[in-house]
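Visitor: Following this message is one structure expressed as C-alpha coordinates.
The values are calculated or read from the model by the stated rules, or taken from the named source; none is laboratory data. Since the model is a prediction, treat every value here as computed from it, not as a measurement. With ideal geometry, Cβ positions are generated from the backbone for all residues, glycine too; neighbour counts draw on all protein chains shown. What goes into the accessible areas is simple: the full protein's heavy atoms, side chains included, and nothing from ligands, DNA or RNA. Shrake-Rupley method; radii C 1.70, N 1.55, O 1.52, S 1.80 Å.
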Amino acid sequence: MGKKAKAAKETTQERSQWEGKHPEPKSRVDERKVVATVKLAAPVCSLLEFKLECSPSTKISYVVDRIIDRHGGSISDLSVCVNRFHPEEVITGRDKTLEQCGVFGGECIIYYDFVPRAGALLQ
(Lines give C-alpha, C1' and ligand atoms only; values in the text may rest on other atoms or scores of the structure.)
Protein backbone atom coordinates (compact mmCIF):
# COMPACT_ATOMS: atom_id res chain seq x y z
CA MET A 1 0.00 0.00 0.00
CA GLY A 2 2.86 2.36 0.68
CA LYS A 3 4.16 1.98 -2.86
CA LYS A 4 0.85 3.02 -4.42
CA ALA A 5 0.69 6.19 -2.37
CA LYS A 6 4.25 6.99 -3.37
CA ALA A 7 3.46 6.46 -7.07
CA ALA A 8 0.39 8.73 -6.86
CA LYS A 9 2.49 11.42 -5.18
CA GLU A 10 5.11 11.24 -7.97
CA THR A 11 2.48 11.68 -10.72
CA THR A 12 1.18 14.85 -9.09
CA GLN A 13 4.69 16.27 -8.99
CA GLU A 14 5.23 15.56 -12.70
CA ARG A 15 2.72 18.24 -13.72
CA SER A 16 4.10 21.19 -15.59
CA GLN A 17 4.38 24.50 -13.81
CA TRP A 18 2.60 26.09 -16.79
CA GLU A 19 -0.43 23.77 -16.71
CA GLY A 20 -3.64 25.81 -16.68
CA LYS A 21 -1.75 29.08 -17.24
CA HIS A 22 -2.30 29.55 -20.94
CA PRO A 23 -2.20 33.12 -22.24
CA GLU A 24 -5.47 34.69 -23.32
CA PRO A 25 -5.92 34.28 -27.08
CA LYS A 26 -5.68 37.49 -29.05
CA SER A 27 -8.90 38.72 -30.55
CA ARG A 28 -9.06 38.53 -34.32
CA VAL A 29 -11.59 41.34 -34.41
CA ASP A 30 -9.98 44.77 -34.69
CA GLU A 31 -11.97 47.10 -32.41
CA ARG A 32 -10.34 50.25 -33.79
CA LYS A 33 -12.42 52.22 -36.27
CA VAL A 34 -11.46 54.29 -39.29
CA VAL A 35 -13.81 56.41 -41.36
CA ALA A 36 -12.15 56.71 -44.75
CA THR A 37 -13.41 59.32 -47.18
CA VAL A 38 -12.67 57.96 -50.64
CA LYS A 39 -12.26 60.65 -53.33
CA LEU A 40 -11.36 60.79 -56.99
CA ALA A 41 -8.13 62.79 -57.18
CA ALA A 42 -8.85 64.67 -60.40
CA PRO A 43 -11.21 66.00 -61.55
CA VAL A 44 -12.84 66.74 -58.22
CA CYS A 45 -16.34 65.28 -58.33
CA SER A 46 -18.48 64.98 -55.21
CA LEU A 47 -20.66 62.34 -56.93
CA LEU A 48 -17.72 59.92 -56.87
CA GLU A 49 -16.92 60.60 -53.21
CA PHE A 50 -18.03 58.14 -50.54
CA LYS A 51 -17.28 57.13 -46.95
CA LEU A 52 -16.04 53.70 -45.99
CA GLU A 53 -16.12 52.47 -42.39
CA CYS A 54 -13.31 50.02 -41.74
CA SER A 55 -10.43 49.26 -39.37
CA PRO A 56 -6.68 49.96 -39.57
CA SER A 57 -6.15 46.29 -40.45
CA THR A 58 -8.20 46.71 -43.65
CA LYS A 59 -6.15 45.95 -46.75
CA ILE A 60 -5.82 48.40 -49.63
CA SER A 61 -7.11 45.67 -51.95
CA TYR A 62 -10.46 45.80 -50.11
CA VAL A 63 -10.66 49.58 -50.64
CA VAL A 64 -9.76 49.15 -54.33
CA ASP A 65 -12.52 46.54 -54.72
CA ARG A 66 -15.07 48.94 -53.16
CA ILE A 67 -13.98 51.73 -55.56
CA ILE A 68 -14.32 49.44 -58.59
CA ASP A 69 -17.77 48.37 -57.34
CA ARG A 70 -18.84 52.01 -57.08
CA HIS A 71 -17.86 52.48 -60.72
CA GLY A 72 -19.83 49.42 -61.75
CA GLY A 73 -16.68 47.46 -62.58
CA SER A 74 -15.82 49.73 -65.50
CA ILE A 75 -12.39 50.83 -64.20
CA SER A 76 -9.12 49.08 -63.42
CA ASP A 77 -5.45 49.89 -62.82
CA LEU A 78 -6.12 52.28 -59.95
CA SER A 79 -3.55 54.53 -58.34
CA VAL A 80 -4.30 54.87 -54.61
CA CYS A 81 -2.80 57.25 -52.04
CA VAL A 82 -3.64 57.80 -48.38
CA ASN A 83 -4.12 61.35 -46.99
CA ARG A 84 -2.31 63.00 -49.94
CA PHE A 85 -2.27 62.34 -53.66
CA HIS A 86 1.20 62.46 -55.14
CA PRO A 87 2.70 60.26 -57.88
CA GLU A 88 5.63 59.33 -55.63
CA GLU A 89 3.30 58.17 -52.84
CA VAL A 90 1.13 55.77 -54.84
CA ILE A 91 0.66 52.55 -52.87
CA THR A 92 2.13 49.75 -54.93
CA GLY A 93 1.41 46.75 -52.72
CA ARG A 94 -2.30 45.96 -52.54
CA ASP A 95 -1.59 43.69 -49.55
CA LYS A 96 -0.62 46.67 -47.38
CA THR A 97 -3.01 47.63 -44.61
CA LEU A 98 -4.18 51.12 -43.70
CA GLU A 99 -2.07 50.79 -40.56
CA GLN A 100 1.04 50.22 -42.68
CA CYS A 101 0.11 53.39 -44.56
CA GLY A 102 0.05 55.42 -41.33
CA VAL A 103 -3.66 55.23 -40.41
CA PHE A 104 -4.24 53.96 -36.86
CA GLY A 105 -7.78 55.20 -36.23
CA GLY A 106 -10.09 58.17 -36.65
CA GLU A 107 -10.53 59.65 -40.10
CA CYS A 108 -8.47 59.59 -43.26
CA ILE A 109 -8.82 60.46 -46.93
CA ILE A 110 -8.05 57.92 -49.62
CA TYR A 111 -7.44 59.42 -53.05
CA TYR A 112 -7.65 57.37 -56.21
CA ASP A 113 -7.13 57.93 -59.90
CA PHE A 114 -7.34 55.75 -62.97
CA VAL A 115 -6.59 55.89 -66.67
CA PRO A 116 -9.81 55.79 -68.68
CA ARG A 117 -10.14 53.01 -71.21
CA ALA A 118 -10.76 53.82 -74.85
CA GLY A 119 -14.29 52.83 -75.79
CA ALA A 120 -15.24 51.98 -72.21
CA LEU A 121 -18.96 52.45 -72.95
CA LEU A 122 -18.85 49.73 -75.60
CA GLN A 123 -17.23 47.11 -73.38
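Visitor: First select every other residue whose beta carbon is under 13 angstrom from the beta carbon of residue 57; then total the charges, Lys and Arg +1, Asp and Glu -1.
Guide: Cβ neighbours under 13 Å give a net charge of +2.
Visitor: Counting only heavy atoms of protein chains, what accessible area per residue, in Å², does region 47-123 have with a probe of 1.4 Å?
Guide: Computed with neighbouring chains in place, this is 63 Å² per residue.
Visitor: Here's a follow-up. If R₀ is 35 angstrom, what is the calculated FRET efficiency for the pair residue 95 and residue 45, using the beta carbon separation as r and rounding to 0.05?
Guide: 0.75
Visitor: Considering only region 24-120, what is the antiparallel percent among its DSSP beta bridges, to the nearest 5?
Guide: Once the DSSP bridges in region 24-120 are tallied, antiparallel ones form about 60 percent.
Visitor: If you don't mind, another one. Based on the mean of other beta carbon atoms within 10 Å per residue, what is the order of 19-25, 42-48, 83-89, 56-62, most packed first?
Guide: 56-62, 83-89, 42-48, 19-25
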